[in-house]
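First comes the structure, then the notes that go with it.
The values are calculated or read from the model by the stated rules, or taken from the named source; none is laboratory data. These figures come from a predicted structure and were not determined experimentally. Using ideal geometry, Cβ is built from the backbone for each residue, glycine included, and neighbour counts are taken over all protein chains shown. Areas reflect the complete protein model, heavy atoms only, side chains present, ligands, DNA and RNA absent. Shrake-Rupley method; radii C 1.70, N 1.55, O 1.52, S 1.80 Å.
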Amino acid sequence: MSSKFIFLESVDLLSTIPQYHLVLGTFLLLWVAWLTVKRRYNNRQLPELSNDEVERKIANWQPEPLVKPIEKKYHHALKPKLVSTKVGKRITVNGKDCLNLGTHNYLGFVGSSEIEDTAIAAIEKYGVGSCGPRGFYGTVDVHLELEEKLAKFMELEEAIVYSYGFTTIASAIPAYCKRRDLVFVDEKINFSIQKGLDASRSNVKYFKHNDADNLKNLLTQQAEEENKNPKRAAKTRKFLIVEGIYMNTGEICPLPDLVKLCREYKLRIFIDESISFGVLGKHGRGVTEHFGVPRHEIDMIMGSLDWAVASIGGFCVGSSYIIEHQRLSGLGYCFSASLPPFLTSAATKSLQIMERNTEIFDTLKQKCLQFDARLKELTSFCLSGFAESPVKHLYLKEIPNHADEWELLNLISDKCIDNNIAVIVSAYLETETTPPRSSLRICVSVVLEDVEIEHACQVIEKCTEAVLSSVK
Amino acid sequence: MPLVNNMAATRFRVAFAATQDEDPEISLKNGIATHPAIGNGKLNGYASLASDLHVRKRRVVDTPTSYKSKESFEKISFITSALTHLGFYFLMFLGFVNQLLFTPKVAQEQNRKGYAPLYDQFEVFYLRYVYRRIRDCWNRPISSVPGAEVTLKDRVTHDYGWSFKFTGTETRCINLGSYNYLGFAESSGKCAEQSIQTLKKYGCASCSTRLELGNMPIHNELEKLTAKFLGVEDAIVFGMGFATNSLNLPSLITKGCLVLSDEKNHASLILGLRLSGAVTKVFKHNNTNHLERCLREAIVHGQPGSGKPWKKIFIIVEGIYSMEGSIVHLPDILKLKKKYKAYLYLDEAHSTGAMGTHGRGVCDYYGIDSRQVDILMGTFTKSFGSAGGYIAGTKELIDHLRVHSHGHTYASSMSPPVAQQIITSMRIIAGEDGTDAGRNRTKQLARNTRYFRRRLNQIGVIIYGNMDSPVVPMMVYLYSKIGTVVRTLTGHGIATVGVGFPATPLMAGRIRFCLSAAHTKEQLDYVLKNIEEIADTLGLRYSRKPRDPNPIEYYSDSETE
Ligand SMILES: Cc1ncc(COP(=O)(O)O)c(C=O)c1O
């Protein structure tokens, strides 16, 4: 693919130009040698062992089964809740009509007829799929429009759009962070950042959740170490990766402190604004606007179009110097078909609505605060999460003896659904570096009325009491 | 990592744009390793072709017409390859001079003085002074359905490729670049209509994951239909094909497993393998002899270091290789898989829908029961004109994924209209709509493929791959010819894709044509006429094979059966 054009690190041509003849000569020699031994090599037997032994070893080898039978505790995953309507304000879960507190539809854009009409018009013009990666005739004009719009919305130079939110973050990170680089990350980062870091093979150092002092300690330690070997240190890129609002805790990152540390210790900072984009700040520009941190202090902002924007896909914004690079080395960008045009148009429309209708962010903030205040009153839960965050985690205060926290929460969730309130237990994989604690996750949306919030909280309270008393 | 083949590392780092500060020793080895591999791959393809032919005559009973004979990777003369190398280094040299003399007109990083440089020096040089010269051949914006024809938005550069401006005009081109194999990229008709209906009913997206509140009846319907279509027990779908590979391989393959991966495997597979942490050994492209050798060695020697036996061995191959145009040698690989008790993962991104008389992929093509393949993977981006991917297999396997897959747990669920497009097109392909419209599409694709490939052979250009593969790479070798051919063809209203180093070996630059059932014979004839013309002016008639002097027939219905 075109994108591979630049990655010829394997042939350090510049540095080998003087030695090119040598290399070519060696190569020719090797080639000739290879040709001559090829026939023998083909018939070569495995060394040391006799034929019989080899055959016996092969016959005796028994692989493990492809997959192990599913353990009982996972059976729930085989029957996820079935939603048979649009996932808007009200949804039908397993046949029950519910008020939706479970999906990330913060701005209530799901079901907006304006957005749907745009999407339909796009299908009528471009069809459904794009049938090619961006490099190979998969760049439709609507992609360029969305990228321009995103950059303008965030008041930055350039944006790049991916076709899947998860892959955006997992691809953007290894495009910059390489082996031997040093990446400082919060210990509670979400799974896609974890995967991005795995793919990058960088050295990763975790600091305590939202603890800038802890980060500072790590950085000073690092600085001391670097003093010992300044030459190497000058080549080691250092990054800080945080989330605007943490998916797994609902907390907001202490951005001003982090930025200060970054400048002091020469770190580049990437923020995953999947949740905070289109939520925080007067214009919905996210955590930078919320704290009034100049956006050029941030090297790259990553986000998802899955949640507030109510489409599908992801994006990164920043300076052209940074973003341009991903067009040839963002794996999920280069090697995958582009975002279907109708979803792109839908996202553009959402942004337009956000621009036009900035009160929506204030409304959302009020709803979040209201919810926060009300949820704090619940007796059986402790609430985690920044007050203005639309994602709130409720952890059980006390777990009755021998009861499994996760199971209890599921019982509560089921009971709430029976009572027409859709609340869910956030789904996690056990393979995460540190599996987050089970919680009920509440998502706030602007479409919720005050009475509905009150009612929902009452139902949650009642259902929790009922479930807890039944297991005592 | 003694077993990890160097080639794996090379391809990996190539794909990942890794920096230069890898182990210098490995880098050097790799630098050389790339080259013999090119020679080997091709020589081998050639050699095995010759030797397999007579072996096959005696042995093959259960496979269709000895399929390897349909495959060709013609070797190029020494002069051409030498010229290609020289040309490339000359280009590099010019770029080097250019860099000394002119400052680039690109953005610089602001306010980051004293930070370690973000990008690797050489990468930046290559991007600015080599790739820029043919940058206009990629990322071309379109403003229409990517169907049999496509509308390109014209753009010009006034500064040698540093930047582009739209002229405001558009060019209508015959589209040989998009992966629209069965012609389902349509903005009207049944597919589009039903997708719009679904959009009205379920909206664009659900803002949730499958395990939370994003699981809709349409997803279940799609999974059932996919399983039925492929003839297996169960299937699971995801919103993106790339993610289907990269987010599911880690939950299937764990440490202590060995993966034998084809040299030409797609970046998403390589990424998935990297995330899984398993040991990967790369075998030569489609070379079952090498694969067998790797299998034997692996079982005999066990895990590196400890010598403990491997837990599982996986073979990972693709159905059609999108850069080589080759079709996997599935019957042979299945034999090896059974003999050595390995598991087979088959990525049918390009072949599902496009191959076989029923459009069910390479298993259908070879007449093999698809249940013999342990893990069937494919994407909906190509033949189905939609987006997303699936994994299909036994119920046990899919249940395992429903529980452990990263994508299922954390990524947003598939957009309902996208799912609908797949359902509608799959029903048409399978003939469930009660018409033979689907059958006609698969037939038309097969016919277009044969015709186009034969005609190209007749013209005397070198094309790679299998006679039946709708992906047709035409070799142009020289780096600068890639740009020239793509531009000239666009000038004649033909949109194609060029691929060059390092996506391909250094001296194997190529133009890739993707055929579609939507193409008519007239369109193909027009394209062929133009290729024939430029073949002379640009010197593309590299082939030394005898040419068929008779006119090639565009087959009638009965003959392609
Ligand atoms: C072999 C293979 N696997 C996976 C993919 C990725 O599929 P998608 O474009 O749906 O992300 C591709 C696409 O180019 C491919 O060729």
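Give the number of residues within region A:70-97 that are among the hydroxyl-bearing types (Ser, Thr, Tyr), under 23 Å from A:Trp406 (Cβ atoms) and assigned to a strand (DSSP E or B).
Residues meeting the conditions: 0.
Taking region B:505-537 only, how many residues are in contact (Cβ under 8 Å) with a residue 60 or more places away in the chain and within 17 Å of B:Arg133 (Cβ to Cβ)?
Qualifying residue count, region B:505-537: 2.
Quick check on this structure: which one of B:Glu221, B:Glu233, B:Glu263 is in contact (Cβ under 8 Å) with a residue 12 or more places away in the chain, within 17 Å of the chain's Cα centre (by Cα) and open to solvent by 10 Å² or more (accessible area, probe 1.4 Å)?
Working: B:Glu221 fails: within 17 Å of the chain's Cα centre (by Cα); B:Glu233 fails: within 17 Å of the chain's Cα centre (by Cα).
From the options B:Glu221, B:Glu233, B:Glu263, the qualifying one is B:Glu263.
What residue, of B:Lys382, B:Lys339, B:Lys311, B:Lys335, is within 12 Å of the ligand (Cβ to nearest atom) and open to solvent by 10 Å² or more (accessible area, probe 1.4 Å)?
B:Lys382
What is the residue count in region B:446-476 for residues that are on the phi > 0 side of the Ramachandran plot and crowded, with 23+ Cβ neighbours inside 10 Å?
So the count comes out to 1.
Quick test for you: out of B:Thr357, B:Thr352, pick the one residue that is surrounded by fewer than 23 Cβ atoms within 10 Å (Cβ to Cβ), β-branched (Val, Ile, Thr) and either in contact with an Asp or Glu (Cβ under 7 Å, 6 or more places away or on another chain) or modelled with pLDDT under 95 (or both).
On inspection, the qualifying residue turns out to be B:Thr357.
For region A:386-413, name all the residues that are under 19 Å from A:Glu454 (Cα atoms) and open to solvent by 10 Å² or more (accessible area, probe 1.4 Å).
Across region A:386-413, the qualifying residues are A:Ala387, A:Glu388.
Is one or more of the residues making up region A:173-181 touching a Phe, Trp or Tyr at 6+ places or on another chain (Cβ under 8 Å), more than 9 Å from chain B (Cβ to nearest Cβ) and touching a residue at least 60 places away in the same chain (Cβ under 8 Å)?
Yes, the conditions are met somewhere in region A:173-181.
When only residues in region A:124-158 that are among the aliphatic types (A, V, I, L, M) and assigned to a helix (DSSP H, G or I) count, which is farthest from the other protein chains (Cβ to nearest Cβ)?
Just the residues of region A:124-158 that are among the aliphatic types (A, V, I, L, M), to begin with: A:128, A:140, A:142, A:144, A:146, A:150-151, A:154, A:156.
Among the residues that remain, those that are also assigned to a helix (DSSP H, G or I) are: A:142, A:144, A:146, A:150-151.
Numbers: A:Val142: 9, A:Leu144: 6, A:Leu146: 12, A:Leu150: 17, A:Ala151: 13 Å.
Looking at the filtered set, the residue picked out is A:Leu150.
Where residues in region B:401-441 are in contact with a Phe, Trp or Tyr (Cβ under 9 Å, 6 or more places away or on another chain) and closer than 30 Å to B:Ile463 by Cα, which of them is most open to solvent (accessible area, probe 1.4 Å)?
Looking at the filtered set, the residue picked out is B:Arg441.
Which of the helices (runs of 4 or more DSSP H) contained wholly in region B:283-384 include at least 1 residues that are hydrophobic (A, V, I, L, M, F, W, C) and touching a Gly at 6+ places or on another chain (Cβ under 6 Å)? So that I can check it myself, show each step before the final result.
Working: elements: B:288-301, B:330-340, B:362-366.
Hits in region B:283-384: B:362-366.
Yes/no per residue for (1) at pLDDT 85 or above; (2) buried (at least 16 other Cβ atoms within 10 Å of the Cβ); (3) not assigned by the TED database to the domain that holds B:Pro470:
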site	(1), (2), (3)
B:Arg487	yes, no, no
B:Gly491	yes, no, no
B:Gly498	yes, yes, no
B:Phe501	no, yes, no
B:Gly509	yes, yes, no
B:Ala518	yes, yes, no
B:Asp525	yes, no, no
B:Glu533	yes, no, no
B:Leu538	yes, no, no
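Go through region B:342-379 and count every residue that is within 15 Å of the ligand (Cβ to nearest atom), among the hydroxyl-bearing types (Ser, Thr, Tyr) and either touching a helix residue (DSSP H, G or I) at 6+ places or on another chain (Cβ under 6 Å) or not assigned by the TED database to the domain that holds B:Leu291 (or both).
2
Starting from region A:445-461, take each residue that is in a loop (DSSP other than H, G, I, E, B) and list its partners that are open to solvent by 40 Å² or more (accessible area, probe 1.4 Å), counting only C-beta distances under 6 angstrom and pairs at least six apart or across chains.
Listed pairs, sorted by first residue: A:Val446/A:Thr363; A:Val447/A:Lys89.
Among the residues of region B:318-332, how many are more than 10 Å from the ligand (Cβ to nearest atom) and more than 14 Å from every other protein chain (Cβ to nearest Cβ)?
Of the residues in that region, 8 qualify.
On the basis of being part of a loop (DSSP other than H, G, I, E, B) and either more than 14 Å from chain B (Cβ to nearest Cβ) or more than 16 Å from the ligand (Cβ to nearest atom) (or both), does A:Glu324 make the cut?
Considered against the rule, which asks whether it is part of a loop (DSSP other than H, G, I, E, B) and either more than 14 Å from chain B (Cβ to nearest Cβ) or more than 16 Å from the ligand (Cβ to nearest atom) (or both), A:Glu324 comes out as no.
Taking B:Ala278 as meeting all but one of (1) modelled with pLDDT of 95 or more; (2) more than 16 Å from the ligand (Cβ to nearest atom); (3) of a type in the set (Gly, Ala, Ser), write down the number of the exception.
Going through (1) modelled with pLDDT of 95 or more; (2) more than 16 Å from the ligand (Cβ to nearest atom); (3) of a type in the set (Gly, Ala, Ser) one by one, B:Ala278 breaks only (1).
Taking only region B:227-263 into account, find how many residues are more than 9 Å from every other protein chain (Cβ to nearest Cβ), among the hydrophobic types (A, V, I, L, M, F, W, C) and either more than 25 Å from B:Ile368 (Cβ to Cβ) or within 12 Å of the ligand (Cβ to nearest atom) (or both).
2
With respect to A:Ala175, is the statement that it is among the aliphatic types (A, V, I, L, M), surrounded by fewer than 24 Cβ atoms within 10 Å (Cβ to Cβ) and under 21 Å from the mean Cα position of the chain (by Cα) true?
So A:Ala175 does not fit the description; no.
Can you pull out the residues in region A:414-444 that are out of contact with any Ser or Thr (no Cβ under 9 Å at 6 or more places or on another chain), open to solvent by less than 30 Å² (accessible area, probe 1.4 Å) and in a loop (DSSP other than H, G, I, E, B)?
The one that is out of contact with any Ser or Thr (no Cβ under 9 Å at 6 or more places or on another chain), open to solvent by less than 30 Å² (accessible area, probe 1.4 Å) and in a loop (DSSP other than H, G, I, E, B): A:Glu432.
B:Ala298 fails exactly one of the following numbered conditions: (1) away from the ligand (no atom under 16 Å from the Cβ); (2) open to solvent by less than 10 Å² (accessible area, probe 1.4 Å); (3) under 20 Å from the mean Cα position of the chain (by Cα); (4) not polar (S, T, N, Q). What is the number of that condition?
With respect to (1) away from the ligand (no atom under 16 Å from the Cβ); (2) open to solvent by less than 10 Å² (accessible area, probe 1.4 Å); (3) under 20 Å from the mean Cα position of the chain (by Cα); (4) not polar (S, T, N, Q), B:Ala298 is out only on (3).
What number of residues within region A:190-237 are in a loop (DSSP other than H, G, I, E, B) and touching a residue at least 12 places away in the same chain (Cβ under 8 Å)?
Going through region A:190-237 one residue at a time, the tally reaches 8.
If I ask for residues that are within 16 Å of the ligand (Cβ to nearest atom) and aliphatic (A, V, I, L, M), which ones from region A:327-348 would you list?
Within region A:327-348, A:Leu328, A:Leu331, A:Ala337, A:Leu339, A:Leu343 meet the criteria.
Restricting attention to region A:98-123, which residues are in a loop (DSSP other than H, G, I, E, B) and under 15 Å from B:Cys204 (Cβ atoms)? Walk me through how you get there before you give the answer.
Just the residues of region A:98-123 that are in a loop (DSSP other than H, G, I, E, B), to begin with: A:101-112.
Scanning region A:98-123 gives A:Thr103, A:His104, A:Asn105, A:Leu107, A:Gly108, A:Phe109, A:Val110, A:Gly111, A:Ser112.
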